[in-house]
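Notes follow the structure.
The values are calculated or read from the model by the stated rules, or taken from the named source; none is laboratory data. A quick note: this is a predicted structure, and the numbers were derived from the prediction, not measured. Backbone-built Cβ (ideal geometry, glycine too); neighbour counts: all protein chains shown.
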Amino acid sequence: MRKVIQIVPTQSVLEGGGFKVRRPYSMGRLLSPFLLLDEMGPNVTGPGEAVGAPWHPHRGFETVTYLLDGKMQHEDSAGNKGELNPGDVQWMTAGRGIIHSELPHEEFQKTGGRTHGFQIWVNLPKEHKMMEPRYQELSASESPTIERDGVWARVIAGECMGVSSSINTVIPISLIHVKMEENAELTQKLDSQLNSMIYVFSGKVTIYKENRVKENPKIFGFGIKQELDDGELGILSKGNELKIRSNENSEFLILAGPELDEPIARYGPFVMNTREEVEQAFLDYQNGTFVS
Ligand code: FE2
């Protein structure tokens with residue numbers, strides 16, 4: 001059974017054109033294959049005040065945008081264009097290169113309002129970093145959701161309570177949004193070899209410690225608390241099952257994926273294996289050969 005082995009606090013930073021995100025410290029080094037976990041907002045803006053991320057490139061990984069509140073519009077160099085409404089997911093595999101813009105929707109700009117959501121970066125293994133870019137959308141109405149015994153879940157990737165996502169991932173990924181009523185319980189099966197973590201963004205949850213293995217003092221030094229508060233990211237031990245109880249009404253993401261165990265050379269929107277590959281990405285971008 002999985003337990004919390006590290007708790008990572010979050011910091012508030014400004015991203016893109018200056019929108020506020022809540023981001024775990026040291027995310028990029030913490031948990032392969034996830035490179036970034038940004039909680040966008042929640043932010044309330046007046047008419048014309050919302051900001052986004054104007055045209056910028058990506059290479060070597062995937063960006064997953066999940067909107068909870070607000071309305072966004074996006075456009076990319078492959079000719080994709082669309083909007084994101086609450087509950088919608090955009091799973092973009094940048095692969096060898098994509099240039100896109102992610103902005104508040106024009107209609108939203110007229111009224112202003114609340115924006116809340118997530119952007120998650122998923123690394124690609126070496127052999128897929130230069131794959132053909134692709135783009136998957138999962139609308140709120142099409143996305144698999146399930147509700148049972150005080151637990152509601154939207155399965156963005158992977159499986160939860162018997163429902164599976166249609167998103168096609170390059171490597172095995174679980175990404176599940178869960179809402180739990182106070183004292184509800186969820187047992188989540190996970191491939192025992194995958195890394196996993198939970199990010200709580202409302203309320204408080206406890207990870208069960210049944211069959212708990214004594215903490216290894218060489219690694220941890222002391223017992224790690226198994227409660228996760230709002231704004232805490234809990235890195236979990238390996239195991240084939242995760243049992244969560246909500247101390248109060250709570251909301252969180254469960255993320256899981258494989259350890260890639262490859263060097264990461266990262267600069268801004270490029271995540272490759274070597275410094276030379278990152279320099280090549282810059283050159284391609286400058287030369288106009290980044291996308292074809
Ligand atoms: Fe982007």
Quick check, is residue 75 acidic (Asp, Glu), away from the ligand (no atom under 15 Å from the Cβ) and surrounded by fewer than 20 Cβ atoms within 10 Å (Cβ to Cβ)?
no
When (1) within 16 Å of the ligand (Cβ to nearest atom); (2) at pLDDT 90 or above are applied to residue 8, the one that fails is (1)
When every residue in region 92-149 that is within 16 Å of the ligand (Cβ to nearest atom) and either assigned to a helix (DSSP H, G or I) or within 30 Å of residue 183 (Cβ to Cβ) (or both) is compared, the one farthest from the chain's Cα centre (by Cα) is 117
Restricting region 62-72 to residues that are assigned to a strand (DSSP E or B) and more than 11 Å from the ligand (Cβ to nearest atom), the one nearest to residue 168 (Cα to Cα) turns out to be 66
*So residue 18, is it surrounded by fewer than 19 Cβ atoms within 10 Å (Cβ to Cβ) and in contact (Cβ under 8 Å) with a residue 12 or more places away in the chain*: yes
Restricted to region 28-61 and to residues being outside any strand (DSSP E or B) and within 16 Å of the ligand (Cβ to nearest atom), the residue surrounded by the fewest Cβ atoms within 10 Å (Cβ to Cβ) is 28
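So, of the residues in region 11-21 that are farther than 27 Å from residue 170 by Cβ and not in a loop (DSSP other than H, G, I, E, B), which turns out to be nearest to the ligand (Cβ to nearest atom)?
Result: 19.
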Scanning region 171-204 for residues that are more than 15 Å from the chain's Cα centre (by Cα) and touching a residue at least 60 places away in the same chain (Cβ under 8 Å) gives 179, 180, 181, 182, 183, 184, 185, 188, 190, 191, 193, 194
Within region 73-91, the residues that are part of a loop (DSSP other than H, G, I, E, B), at pLDDT 95 or above and more than 19 Å from residue 169 (Cβ to Cβ) are 85, 86, 87
Among residues of region 132-161 being out of contact with any strand residue (DSSP E or B) (no Cβ under 7 Å at 6 or more places or on another chain) and not acidic (Asp, Glu), the residue farthest from residue 86 (Cα to Cα) is 148
Within region 230-239, residues being in contact (Cβ under 8 Å) with a residue 60 or more places away in the chain, in a loop (DSSP other than H, G, I, E, B) and of a type outside the set (Lys, Arg) number 4
When every residue in region 260-279 that is modelled with pLDDT of 95 or more, within 14 Å of residue 290 (Cβ to Cβ) and surrounded by 16 or more Cβ atoms within 10 Å (Cβ to Cβ) is compared, the one farthest from the chain's Cα centre (by Cα) is 277
